[in-house]
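For reference, the structure discussed in these notes is given below.
Just so it is clear, none of the values below were taken in a lab; they were calculated from the coordinates. In this text, all values refer to a predicted model and were calculated from it rather than measured experimentally. Using ideal geometry, Cβ is built from the backbone for each residue, glycine included, and neighbour counts are taken over all protein chains shown.
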Ligand SMILES: Cc1cc2nc3c(=O)[nH]c(=O)nc-3n(C[C@H](O)[C@H](O)[C@H](O)COP(=O)(O)OP(=O)(O)OC[C@H]3O[C@@H](n4cnc5c(N)ncnc54)[C@H](O)[C@@H]3O)c2cc1C
Ligand SMILES: [Zn+2]
């Protein structure tokens, strides 16, 4: 079937100009952009927005960015990793500043989302900036009463190049302390000399240690660079997890 | 860079699909015309880059859905999908 559709005029997902209220550095290569979006309808943890940059000559570039803030927060936060030769991310990290406008549409997506009412246990696996939507899920979970959280245990396994490349490191440690999330980092390049955690790419043994056994029927969310996402999803299914409970979101070559 | 490292998935196509459909399509179950297996739209392989949509079956690689924008409008080619089950209550 081939359909010819009317032009974008009747779009149900409109572009809005959000105002930037703050841009703050997370790590040497990432920044968080705090936004005030007029008429934001609310979102679910795991959703993203599309951001559009338009040059003076009309040339457009559009990219997706996950929402880092939980649905409970008033402002919308995106966290962007700066890709040196990238078209959009260097602008977002280096040029954009408070009081600027940023054109976006959202919230978008319904597959890679999680709500505490769906239950757990929750197994979150991230590589690089893939931690962004998973952090929104953990922040959302932290808003629930302790008794509710106790019935939805959560584990995060997060792969980063170096200790300093870990996005939200302090925040994740706080979440581990105050909302009983088990957080494990693996560092794939240079680790501090006193580092006692994992220092290799995510492998089957790591997923067996951090994940639940398949009999616990966890809900798994895997996000980050495409090669990492595909290898982790394959390993989880090999371990015996139900493929229907392993949700993935690919960020592309970089993630 | 190999093409497998560049591919995205149906989640990245969610915005483009929302330009056409009334609600989110990433949880819609789509049946492949090539191998007859059904997958949620979110798990299809997306070779369209950050701004295009070329969704392939994760089982047999059949192109299940393509969206091409032209100045005159958008073309949607879904000849590789036999059935789409769109959830009654969008999740
Ligand atoms: C659903 C979704 C959510 C996302 N969420 C986030 C997020 O929260 N945070 C985040 O930082 N990123 C996120 N991303 C990734 C983001 O959308 C961009 O891909 C990323 O910021 C890079 O964009 P860029 O314009 O800076 O780089 P681009 O100009 O797109 O280039 C990226 C890199 O790929 C290489 N490349 C591009 N095209 C080719 C090609 N044809 N051949 C060889 N190499 C190529 C470039 O050389 C460069 O190294 C998300 C992606 C998706 C799909
Ligand atoms: Zn198929």
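Tabulated results
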quantity	calculated
Segment A:116-251, relative contact order [Cα under 8 Å, separation at least 6], %	29 percent
Selected from B:42, B:15, B:80 as most flexible by GNM, with chain B as the system and alpha-carbon contacts under 10 Å	B:15
With Cα atoms, 0 to 90° folded angle of helix A:226-239 axis to chain A main axis	30 degrees
Packing-based exposure ordering (other Cβ within 10 Å, fewest first) of A:83, A:187	A:83, A:187
Cα-based helix-to-principal-axis angle, A:169-178 vs chain A, degrees rounded to 10	60 degrees
In degrees, nearest ten, helix A:131-142 long axis to first principal axis of chain A (Cα)	70 degrees
Three-way shape label, the protein assembly as shown, alpha-carbon gyration tensor, a/c 1.5	oblate
Other protein chain Cβ atoms within 10 Å, averaged over every residue that makes up A:102-112	6
A:178, A:185 arranged by Cβ crowding within 10 Å, fewest neighbours leading	A:178, A:185
Share, in percent, of DSSP beta bridges within the protein assembly as shown that are antiparallel, nearest 5	70 percent
Estimated 222 nm signal from helices in chain A, with DSSP H stretches of n ≥ 4 weighted -39500 (n - 2.57), rounded to 500	-5500 deg cm²/dmol
Tensor-based shape of segment A:187-255 (alpha-carbon gyration tensor, a/c under 1.5 rounded, otherwise prolate or oblate)	oblate
Residue order, fewest to most surrounding Cβ atoms within 10 angstrom, among A:94, A:165	A:94, A:165
Most mobile of A:71, A:38, A:214 in a GNM of chain A (Cα contacts under 10 Å)	A:38
Value of relative contact order over chain B, rounded to a whole percent, pairs C-alpha under 8 Å and six or more apart	28 percent
Shielding by partners, peptide B:26-32 (average Cβ within 10 angstrom, other chains)	2
Relative contact order (%) - chain A, alpha-carbon pairs under 8 angstrom, separation at least six	18 percent
Cα gyration tensor category, rounded, prolate or oblate, for chain B with a/c compared to 1.5	rounded
